[in-house]
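Q: Quick one: the structure is below, questions incoming.
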Amino acid sequence: MEWSIQEIARRAGTTSRTLRHYGDLGLLVPSRIGRNGYRYYDQDALVRLQRILLLRELGLSLPAIKEVLAGQRDTAVALRAHLRLLEQEQARIGRQIASVRTTLHKTQEGMELMADEVFDGFDHTAHEREVTERWGRDAYEEGDRWWRSLGDGEKKAFQDEHEAIARDWGRAAEAGLAADGPKAQELARRHCAWLSSAEEPSRSYVIGLGEMYVADPRFGKNYDRYGDGTAAFVRDALTVYAQHRLSD
């Protein structure tokens with residue numbers, strides 16, 4: 001049993017272009033190529049694609065996924081590991097759902113809310129240790145105070161602005177714009193303006209943040225989901241902007 005590239009793309013919710021890109025990188029080699037040039041995939045290829053998509057969902061970059069797949073020869077062992085991670089995420093989301101349901105019910109009934117119930121499954125301090133280690137305790141506490149001071153509408157506006165910037169980064173990367181060109185540098189200016197809650201960010205901070213977008217898949221996925229390589233493009237553009245426009 002095998003499927004054409006169009007069938008696999010449709011069923012997997014991706015595109016033929018993406019599958020061809022995976023093939024060019026050696027991530028997903030078709031089981032055969034027909035005389036018409038079409039790529040076909042067998043059951044083993046389907047399982048491999050599932051593993052690729054699972055790892056992408058976890059935020060890994062394509063080079064990192066290639067290394068993981070190369071080091072995991074036993075497919076069953078790898079899938080069991082994926083399953084454990086998915087089950088952990090399912091449990092966390094289940095707790096969030098239950099928390100929101102409890103909040104909704106108690107709010108409607110005029111009942112007293114318990115903090116542990118409201119925030120079960122949520123962790124707004126997930127990056128506390130990392131920020132503290134990278135930029136110091138003062139940086140974390142300042143950022144935390146600023147975030148807590150915002151109203152719900154302000155928080156949403158802040159998040160929406162980042163989504164708009166991330167989409168524009170993806171479009172710029174796809175268009176093949178130069179990282180040091182005027183359009184990319186205007187995007188870098190917008191990005192730095194979004195970063196600065198009270199004052200202009202420092203050169204070292206922006207350069208370090210750009211490097212983290214590429215090195216840490218948890219952050220890189222915010223950009224690479226708009227096109228592979230977008231995070232690296234963001235890093236390069238931010239580095240140029242910081243070196244020429246910002247000071248320490």
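Q: Which condition number does Ala184 fail, the rest of (1) modelled with pLDDT under 95; (2) more than 17 Å from the chain's Cα centre (by Cα) being met?
A: (1)
Q: What pairs can you find where one residue is in segment 45-67 and more than 18 Å from Arg218 (Cβ to Cβ) and acidic (Asp, Glu), the other is part of a helix (DSSP H, G or I) and open to solvent by 60 Å² or more (accessible area, probe 1.4 Å), and their Cβ atoms are less than 9 Å apart, with a gap of 6+ or different chains?
A: Matching pairs, first to second residue: none at all.
Q: Of everything in segment 229-248, what is aliphatic (A, V, I, L, M) and under 29 Å from Ile65 (Cα atoms)? Give them in sequence order.
A: Passing the criteria: Ala231, Ala232, Val234, Ala237, Leu238, Val240.
Q: Looking only at segment 26-35, filter to residues that are in contact (Cβ under 8 Å) with a residue 24 or more places away in the chain and loosely packed, with under 14 Cβ neighbours inside 10 Å; which one of those is farthest from Ile5 (Cα to Cα)?
A: Here the residue is Gly26.
Q: Name the helices (runs of 4 or more DSSP H) wholly within segment 172-228 that hold at least 2 residues that are closer than 28 Å to Glu67 by Cβ and either among the polar types (S, T, N, Q) or open to solvent by 40 Å² or more (accessible area, probe 1.4 Å) (or both)?
A: Fully inside segment 172-228 and qualifying: 203-215, 217-224.
The values are calculated or read from the model by the stated rules, or taken from the named source; none is laboratory data. This is a predicted model, so every value here is computed, not measured. Please note: Cβ atoms are built from the backbone with ideal geometry, for glycine as well, and neighbour counts cover all protein chains shown. In case anyone asks, the SASA skips ligands and DNA or RNA and just uses the protein heavy atoms, side chains included. Shrake-Rupley method; radii C 1.70, N 1.55, O 1.52, S 1.80 Å.
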